[in-house]
Amino acid sequence: MRNNDAADIVVAEDVTGPAMAELDQQFAVYQDATLWQRPDELADAISTARALIVRNRTQVTAELLQGADQLLAVGRAGAGLDNVDVAAASELGVVVCYAPVQNATSVAEHTIALMLALLRRIPQADQSVRQGQWLRHEHTGHELAGKTLGVIGLGNIGRRVATYAQALGMQVIACDPYLSPDSEVVEQLSCELMSLFDLLAQADVVSVHTPLSVETHHLLDCDAFQQMKNSAVLINTSRGSIVNEADLGEALESGQIAGAALDVRESEPPAPDSRLHTLGNTVLTPHIAAFTTEAQNAVVQAVVADVTAVLNGEVATNYANFRRPRFRC
Ligand code: MLT
């Protein structure tokens, strides 16, 4: 649909896949992949819509939601909800549905890929071969086997990372304020639960898998890096703002820690002149951990199914607040 007048569903970002065609058959869908960049136009587009579908770039604020009288559902095509004001949606009775687990395997696999890329210097070795070099000793790396992995956050992704790392011979330690040491998850994973302070001091590889919130913003800053071993590396596939990037740059340059692999950044896209881009001990990817065909099809399918259910008066399956709209019908 080209024009947003009378759209049932507004899609403000690049959300694609087989499930989107199903949505088109049932509803009047208005999709503009760049709409998230123009909040006024977006507000206008959803003022009469019954559902809004986004990825992570649209800021679904209280103000935006308050102007959408007919809105029944917000569908977030992904797991992180830091760009959606879920409390405001709840106050307005709007269902927030999302995809809490559908991309977890892909993100966990990418996390392991980043660990290997960083510790085996794969991007640097690849680049040197393309430049006509054949350097072997210069690209001597480290094994994961026998190392200690510190997982911050044992949710859907952290648990998978822990399991894959154990299969590679790593010992896993973890911190998660929402779990107790005798919880089933911790026992099943046979990993040791400890404080962040202890984890940072003991881990050879620290991997972040916690949502972004007021509590986790800049959780890893210069104080945290000072706890880490000089030989340790940091992997972040969760949210960029959990790491203070300026402090990370210092820690990498000074040798306080040995390396970092980041899929997510404080600002996305990052400034092209970011100090992290010039360092030899970083591996950087553009927030693609969840971008596999399998994960994206599953994520979009889940969100389309829930938005369809809510608009048809049925209940959502993956929801952050409630299964059906309140006060509105
Ligand atoms: C997620 O939160 O699901 C991933 O980071 C990917 C995304 O933000 O879309």
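Assorted remarks:
- 2 or more residues over 23 Å from Ala290 (Cβ atoms): qualifying strands (runs of 3 or more DSSP E) within segment 154-265: 171-175
- Selected residue (only one of Ala73, Ala7, Ala21 is within 24 Å of Val315 (Cβ to Cβ), more than 16 Å from the ligand (Cβ to nearest atom) and touching a Cys at 6+ places or on another chain (Cβ under 7 Å)): Ala73
- Residue check for Phe322: on the phi > 0 side of the Ramachandran plot and away from the ligand (no atom under 16 Å from the Cβ): no
- From Ala298, Ala290, residue being touching a residue at least 24 places away in the same chain (Cβ under 8 Å), within 12 Å of the ligand (Cβ to nearest atom) and part of a loop (DSSP other than H, G, I, E, B): Ala290
- Residues being open to solvent by 60 Å² or more (accessible area, probe 1.4 Å) and either at pLDDT below 95 or of a type in the set (Phe, Trp, Tyr) (or both) - total across segment 193-233: 1
- Condition check for Leu149: assigned to a loop (DSSP other than H, G, I, E, B) and open to solvent by less than 60 Å² (accessible area, probe 1.4 Å): no
- Segment 250-304 - residue that is more than 23 Å from the chain's Cα centre (by Cα) and hydroxyl-bearing (Ser, Thr, Tyr) and, of those, nearest to Val10 (Cα to Cα): Thr278
- Under the condition of being away from the ligand (no atom under 16 Å from the Cβ), open to solvent by 40 Å² or more (accessible area, probe 1.4 Å) and not in a helix (DSSP H, G or I), the residues counted in segment 48-66 number 3.
- Ala251 meets the conditions (1) within 22 Å of Ala125 (Cα to Cα); (2) open to solvent by less than 30 Å² (accessible area, probe 1.4 Å) in every case but one. The failed one is (1).
- Pair list, Cβ under 7 Å, 6 or more apart: segment 77-91 residue in the same structural domain as Glu63 (by TED's automatic domain parsing) and outside any helix (DSSP H, G or I), other residue more than 16 Å from the ligand (Cβ to nearest atom) and open to solvent by 40 Å² or more (accessible area, probe 1.4 Å): Asp85/Thr61
- Pair list, Cβ under 6 Å, 6 or more apart: segment 256-278 residue assigned by TED's automatic domain parsing to the domain that holds Asn244, other residue of a type in the set (Val, Ile, Thr): Ala258/Val233; Gly259/Val233; Ala260/Thr282; Ala261/Ile235; Ala261/Val283; Asp263/Thr237; Asp263/Thr285; Leu276/Thr282
The values are calculated or read from the model by the stated rules, or taken from the named source; none is laboratory data. Everything numeric in this text was worked out from a predicted model, so none of it was measured. Please note: Cβ atoms are built from the backbone with ideal geometry, for glycine as well, and neighbour counts cover all protein chains shown. To get the accessible areas, we keep the full protein, side chains included, count just its heavy atoms, and leave off ligands, DNA and RNA. Shrake-Rupley method; radii C 1.70, N 1.55, O 1.52, S 1.80 Å.
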